[in-house]
1. Looking at the structure I just gave you, is residue 43 of a type in the set (Ser, Thr, Tyr), in a strand (DSSP E or B) and in contact with a Cys (Cβ under 9 Å, 6 or more places away or on another chain)?
2. Can you tell me which of 63, 110 is free of Cβ contacts under 8 Å to residues at least 12 places away in the same chain and within 25 Å of residue 134 (Cβ to Cβ)?
3. Farther than 21 Å from residue 137 by Cα and at pLDDT below 95: is that true of residue 80 in this structure?
4. What number of residues within the stretch 87-102 satisfy the criterion of being in a strand (DSSP E or B) and over 11 Å from residue 2 (Cβ atoms)?
5. Here is a list: 108, 145. Which entry is over 14 Å from residue 32 (Cα atoms), of a type in the set (Phe, Trp, Tyr) and surrounded by 14 or more Cβ atoms within 10 Å (Cβ to Cβ)?
6. Every residue in the stretch 1-18 that is part of a helix (DSSP H, G or I) and closer than 17 Å to residue 69 by Cβ, please.
7. List every residue pair whose Cβ atoms lie under 8 Å apart, where the two residues are 6 or more positions apart in sequence or sit on different chains, the first residue falls within the stretch 6-19 and is of a type in the set (Asp, Glu), and the second residue, located anywhere, is exposed (fewer than 14 other Cβ atoms within 10 Å of the Cβ).
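The values are calculated or read from the model by the stated rules, or taken from the named source; none is laboratory data. All of these numbers come straight from a predicted model, not from anything done at the bench. Cβ coordinates were reconstructed from backbone atoms using ideal geometry, including for glycine residues, and neighbour counts include every protein chain displayed.
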Amino acid sequence: MTPHWIDLTRNSDVLGTLYVDVPPLDSVRLRSFHLDWRGPALTLRVDLPAYPDPDRVPPEWSELGHNTLQLHVQFTAVEDLTVHGWIPTAHVDVSIAALAWRRILVRFAEAGFEFCFTASDSLTVGHISSYRKTETGSDEVPHSFVSRLDTRLFTSLPGTHESAFYQ
């Protein structure tokens, strides 16, 4: 059985306020991934394929012309990780398959790129932000964050040295 990723998410309530139906992880833009040996954990930073309905987003997002929602999806107890190739601007379909012992198999592949691992079936979302994507697809523009702490700390994506954001 292939579970919908949001059903595996421990803190899906924030996305539930933004979406009537949270989109699947199909054709997401993979922005980055972060490996943390202490988990072992893996965090994907992705742009979701569909923006929330305008009546469900904060008015200031609409006023700023935002059209993209970005978030982190964290997987814990990661094992059996394989990565082949890399396409930095790739849109990928993330597939999740249920395994025994409350584990999942996560896989995405595109031409010249494959990423696969197993993890706990309990996901966490975080650092949810909205922004207006540029013509080049860049996300290096001002972001509006859902979290009050993120809003106080950041007005755009921080540098990768900012461990509070990327870990």
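1. No; evaluated as a whole, the condition is false for this residue.
2. 63
3. For residue 80, the condition - farther than 21 Å from residue 137 by Cα and at pLDDT below 95 - is not met.
4. 3
5. Details: 108 fails: over 14 Å from residue 32 (Cα atoms).
On inspection, the qualifying residue turns out to be 145.
6. The answer is 5, 6, 13, 14, 15, 16, 17, 18.
7. none
For every residue, the table says whether it meets (1) in a helix (DSSP H, G or I); (2) surrounded by 16 or more Cβ atoms within 10 Å (Cβ to Cβ); (3) at positive phi; (4) touching a residue at least 40 places away in the same chain (Cβ under 8 Å).
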{"position": "69", "(1), (2), (3), (4)": "no, yes, no, yes"}
{"position": "72", "(1), (2), (3), (4)": "no, yes, no, yes"}
{"position": "75", "(1), (2), (3), (4)": "no, yes, no, yes"}
{"position": "82", "(1), (2), (3), (4)": "no, no, no, no"}
{"position": "104", "(1), (2), (3), (4)": "no, yes, no, yes"}
{"position": "125", "(1), (2), (3), (4)": "no, yes, no, yes"}
{"position": "137", "(1), (2), (3), (4)": "no, no, yes, yes"}
{"position": "150", "(1), (2), (3), (4)": "yes, yes, no, no"}
{"position": "164", "(1), (2), (3), (4)": "yes, no, no, no"}
